[in-house]
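Below: the structure, in structure tokens.
The values are calculated or read from the model by the stated rules, or taken from the named source; none is laboratory data. Note that the structure is a prediction, hence the values are computed from the model and not measured. Using ideal geometry, Cβ is built from the backbone for each residue, glycine included, and neighbour counts are taken over all protein chains shown. Side chains are part of the model used for accessible areas, which takes the heavy atoms of the whole protein and leaves out ligands, DNA and RNA. Shrake-Rupley method; radii C 1.70, N 1.55, O 1.52, S 1.80 Å.
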Amino acid sequence: EPPRWTLDGIAFMQTGAYDYPDVDHRIELRYDLETVRWLQTNAVGNAIVAEAPVGYYREGGLRLTSFTGLPGLVGMHQSEQRPWTQVGPRTQDAETIYTASDPRRVAEVLARLDVRYVYWGQLERAVYPQNDGSAFAALEAQGVLRRVFSNERSVLWECVAAS
């Protein structure tokens, strides 16, 4: 049963779910909620979080940064508030993290943008079906990424160079 009579603005995530980009991809928010709670407890300072740079309203993107207050790579309305010359390259970098198959390229972007945490959840897998996670696995094996939290449907890595 959904939480009721609470002031906890993210309690809905305990039972909330939606389909994106289609009915074959059910996003169960409880897995993201576990990661949000981990970040709320463990992240120090303004640690930058990389998550799928997709929209907030229909896609359900930016959930970690929205629900923790931590900075992300590209905000929801940045393209409305800043010149494309600033937002475009940043969006492309955020996309590279999830689309590049070369681990060195991913590591370069993470380092250049001073990313502290990389999230690989249900939405990231649905939005980037071509990404099998091998670049992240390679970076973990190389010690560039350290797994700090995981559950059945998501992984959160810390960038070792940023820690």
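Sub-6 Å Cβ pairs linking a first residue in the range 91-113 that is within 20 Å of residue 141 (Cα to Cα) to a second residue that is of a type in the set (S, T, N, Q) and assigned to a loop (DSSP other than H, G, I, E, B), at least 6 apart or interchain, are 98/131, ordered by first then second residue. Take the conditions in contact with a helix residue (DSSP H, G or I) (Cβ under 6 Å, 6 or more places away or on another chain) and more than 21 Å from residue 99 (Cβ to Cβ) and apply them to residue 29. Does it pass? Taking the combined requirement at face value, the residue satisfies it. Filtering the range 11-57 to residues that are free of Cβ contacts under 8 Å to residues at least 60 places away in the same chain, touching a Ser or Thr at 6+ places or on another chain (Cβ under 9 Å) and among the β-branched types (Val, Ile, Thr) leaves only 36. Of everything in the range 92-103 that is surrounded by 14 or more Cβ atoms within 10 Å (Cβ to Cβ) and either of a type outside the set (Ser, Thr, Tyr) or modelled with pLDDT under 95 (or both), the residue that is farthest from the chain's Cα centre (by Cα) is 103. Among the residues of the range 124-163, just one is in contact with a Ser or Thr (Cβ under 8 Å, 6 or more places away or on another chain), closer than 17 Å to residue 98 by Cβ and of a type in the set (Phe, Trp, Tyr), namely 128.
Taking the range 143-156 on its own, how many of its residues are free of Cβ contacts under 8 Å to residues at least 60 places away in the same chain, on the phi < 0 side of the Ramachandran plot and either open to solvent by 10 Å² or more (accessible area, probe 1.4 Å) or assigned to a helix (DSSP H, G or I) (or both)? Quick ask: steps written out before the conclusion?
Within the range 143-156, the first condition is being free of Cβ contacts under 8 Å to residues at least 60 places away in the same chain, and the residues that meet it are 143-147, 150, 155.
From what is left, the residues that are on the phi < 0 side of the Ramachandran plot are 144-147, 150, 155.
When the remaining residues are screened for being either open to solvent by 10 Å² or more (accessible area, probe 1.4 Å) or assigned to a helix (DSSP H, G or I) (or both), the result is 144, 146-147, 150, 155.
Of the residues in the range 143-156, 5 are free of Cβ contacts under 8 Å to residues at least 60 places away in the same chain, on the phi < 0 side of the Ramachandran plot and either open to solvent by 10 Å² or more (accessible area, probe 1.4 Å) or assigned to a helix (DSSP H, G or I) (or both).
The residues of the range 104-142 that are open to solvent by 40 Å² or more (accessible area, probe 1.4 Å) and under 24 Å from residue 41 (Cβ atoms), listed by number, are 114, 116, 140.
Which strands (runs of 3 or more DSSP E) does the range 7-89 wholly contain that include 2 or more residues that are surrounded by 20 or more Cβ atoms within 10 Å (Cβ to Cβ), modelled with pLDDT of 95 or more and under 12 Å from the mean Cα position of the chain (by Cα)? Step through it out loud before you land on a result.
Working: elements: 17-19, 26-28, 48-50.
Once the strands (runs of 3 or more DSSP E) in the range 7-89 are filtered for at least 2 residues that are surrounded by 20 or more Cβ atoms within 10 Å (Cβ to Cβ), modelled with pLDDT of 95 or more and under 12 Å from the mean Cα position of the chain (by Cα), what remains is 48-50.
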